[in-house]
Amino acid sequence: MKLKEIIDFLDEKIPKSLTLKTDEVGFKKDYDLNQDIASVKIYMDLLPEDDDVYENTLIITHHPPLFVPKTPTYTMHSNWDIIEGGANEALAKTLKLEVIDYFDTDTKIGRICRSDQRFCELKKNILDNFANVRIVNTPDDDKLINNVGVVSGFGLKNPEYVKLSKSKELDILISGDLTQQTAILAKNLGVTLIDLNHHESEVPGLYALKDVLKELEVNTEVIDKKPIEVIK
């Protein structure tokens with residue numbers, strides 16, 4: 001299959017027009033769109049060591065690379081977060097939550113979900129699927145959880161999202177990138193935050209993207225490299 005055919009397919013399924021104005025999607029440079037593509041590799045983040053100039057390969061990343069890859073590399077970021085069936089809804093599905101609305105109605109980032117389960121049940125499902133979970137304001141195990149906010153990736157570093165959770169009367173906000181500032185803010189407001197970490201909260205979206213590409217007769221794999229470990 002030609003590279004152009006795959007890109008046209010992706011642009012139809014996940015339009016670039018959904019992208020936030022401050023975001024970077026698509027190619028970083030011009031590639032030969034007439035080249036044949038036999039395989040697709042999906043990465044969260046692409047490092048120079050991953051850019052082996054695979055022949056007949058398209059790399060898709062969720063986060064924009066911080067360099068210009070030699071291998072054709074196409075990024076789908078906020079447009080994949082925003083679209084129905086994208087990264088946010090993939091996270092909700094992993095958590096067995098029913099999506100009922102947008103979290104941030106201005107940008108359509110994140111989702112509000114219905115739970116109808118006790119906190120101990122939700123917690124078990126989270127711990128079964130995610131490691132290194134952090135919780136601010138842990139509810140009692142028997143508390144009935146009704147409305148949950150989910151934002152794949154960066155949601156817990158945004159103080160406005162913590163305040164939005166309070167104003168929407170959500171029982172819990174689940175995302176990644178918890179900071180000291182937002183943890184203290186949540187304590188002050190009585191908001192429960194669950195931090196899955198940025199990378200892990202977006203992994204379900206990589207596999208959902210692979211499912212989108214099943215329509216094409218191209219071998220597709222998710223390369224789930226763990227985030228770089230910070231040495232303390």
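Quick check for me: using +1 on Lys/Arg Cβ and -1 on Asp/Glu Cβ, what's the dipole size of the chain about its Cα centre, in debye to the nearest 20? Please list the in-between numbers first.
On the way: 29 positive and 41 negative charges, 151 e Å.
The dipole magnitude comes to about 720 debye.
Using Cα pairs under 8 angstrom and six or more residues apart, how large is the relative contact order of the chain, in percent? Before the final figure, lay out each step's value.
On the way: 456 pairs, mean separation 43.9, N = 232.
That works out to 19 percent.
Could you give me the ³J(HN,Hα) list for the range 67-84, computed from phi with Karplus coefficients 6.51, -1.76, 1.60 and θ = phi - 60°, whole Hz, x at Gly and Pro?
8, 9, x, 7, 6, x, 9, 10, 9, 10, 10, 5, 5, 6, 5, 7, 5, 4
Below 14 Å, Cα to Cα, which aspartates and glutamates can Lys13 reach? Residues fewer than 8 away in the same chain don't count.
Glu5, Asp81, Glu84, Asp211, Glu215
List the trypsin sites (Lys or Arg not before Pro) within the range 40-122 that fall in a DSSP loop (any state other than H, G, I, E or B) and whose Cβ has at most 16 other Cβ atoms within 10 Å. Don't skip to the answer; put the middle values down first.
Working: sites: Lys41, Lys70, Lys93, Lys96, Lys108, Arg111, Arg114, Arg118; in loops: Lys70, Lys96, Lys108.
Within the range 40-122, the qualifying trypsin sites (Lys or Arg not before Pro) (loop, at most 16 other Cβ atoms within 10 Å) are Lys70, Lys96.
Just subtract the alpha-carbon distance of Asn34 and Phe9 from 0.36 nm times their residue separation and send over the number in nm, one decimal.
7.5 nm
Which entries in the list Lys4/Lys214; Lys70/Lys108; Lys187/Lys226; Lys143/Lys168; Lys93/Lys210; Lys108/Lys163 go over 26 Å, if you measure between the two C-alpha atoms of each? Show your work: numbers first, answer last.
Values: Lys4/Lys214 17 Å; Lys70/Lys108 33 Å; Lys187/Lys226 30 Å; Lys143/Lys168 18 Å; Lys93/Lys210 15 Å; Lys108/Lys163 17 Å.
Check vs 26 Å cut-off fails for Lys70/Lys108; Lys187/Lys226.
Of Pro64, Gly153, Ala183, which is farthest on the positive side of the dipole of the chain, counting Cα position, with +1 on Lys and Arg Cβ, -1 on Asp and Glu Cβ, and the Cα centre as origin?
So the residue furthest toward the plus end is Ala183.
What FRET efficiency, computed as 1/(1 + (r/R0)^6) with R0 = 41 Å and r the Cβ-Cβ distance, is obtained for Leu216 and Asn188, rounded to the nearest 0.05?
Details: r = 49 Å, r/R0 = 1.20.
Here the calculated transfer efficiency is 0.25.
From the helices alone, meaning DSSP H stretches of at least four residues, give me the mean residue ellipticity at 222 nm for the chain, per-run term -39500 (n - 2.57), in deg cm²/dmol to the nearest 500.
Details: 7 runs with 69 residues, N = 232.
Helix contribution divided over all residues of the chain: -8500 deg cm²/dmol.
At q = 0.09, 0.12, 0.13, 0.14 Å⁻¹, work out log10 I(q)/I(0) for the chain with the Debye formula, treating every Cα as an identical point scatterer and leaving solvent out; two decimals please.
So the normalised log intensities work out to -0.39, -0.67, -0.78, -0.88.
Under a GNM of the chain (C-alpha, springs under 10 Å), which listed residue has the highest mean-square fluctuation: Asp106, Asp116, Asp142?
For the chain, modelled as a Gaussian network with Cα springs under 10 Å, the answer is Asp106.
Work out how much length Leu47 to Glu98 would gain on full extension: take 0.36 nm times their residue separation and subtract the Cα-Cα distance, in nm to one decimal. Spell out each step's value before the answer.
On the way: separation 51, 0.36 × 51 = 18.36 nm, distance 3.49 nm.
Result: 14.9 nm gained on full extension.
Please rank Ser17, Ser39, fewest neighbouring Cβ atoms within 10 Å first, as an exposure proxy.
Working: Ser17 6, Ser39 14.
Sorted ascending by nearby Cβ count, the order is Ser17, Ser39.
Assigning unit charges at the beta carbon (Lys, Arg +1; Asp, Glu -1) and nothing else, what dipole magnitude in debye, to the nearest 20, does the range 87-199 show about its Cα centre?
Numbers: 15 positive and 16 negative charges, 29 e Å.
Charge dipole of the range 87-199: 140 debye, to the nearest 20.
Every read-out reported here was derived from the displayed coordinates using simple, explicitly stated rules and does not represent laboratory data. Computed from a prediction, not measured in an experiment: that's the story for all the values here. Note that each Cβ is placed from the backbone with ideal geometry, even for glycine, and that neighbours are counted across all protein chains shown.
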